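Chemist: Following this message is one structure expressed as C-alpha cells.
Just so it is clear, none of the values below were taken in a lab; they were calculated from the coordinates. Just so it is clear, the model here is predicted, and its values are computed rather than measured. Every residue, glycine among them, receives a Cβ derived from its backbone with ideal geometry; neighbour counts consider all protein chains shown.
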Amino acid sequence: MLYLSEVLMQHPDVESFEQLVETVRERSKSEMFFRIDVKPQFADTPENWEDRLEAAFT
C-alpha cells in the first residue's frame, strides 16, 4: 500500500502539486493500493486535489 505521506517523505525534491501528481503516477506502477492520509501543502494544490491524485494513481 502506498501512502501519500510516504511519497512526500521519500521525495523531498517534489516542490509543487504537479510534480507530486507525476511522482504518484510513477509510483503507481509498483503499488496496488493508494491511501491519502495527509493534505499536500503546496501553494498550487487545487481544490480537487484528492480526485487528481486518485486519477494519477489509477
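Chemist: Mind checking which pairs have a first residue in the range 43-55 that is among the aromatic types (Phe, Trp, Tyr) and a second that is surrounded by 13 or more Cβ atoms within 10 Å (Cβ to Cβ), Cβ under 8 Å, 6 or more apart or different chains?
Modeler: Trp49/Phe17; Trp49/Pro40
Chemist: Out of the residues in the range 1-19 that are buried (at least 17 other Cβ atoms within 10 Å of the Cβ) and free of Cβ contacts under 8 Å to residues at least 24 places away in the same chain, state the one that is nearest to the chain's Cα centre (by Cα).
Modeler: It comes out as Val7.
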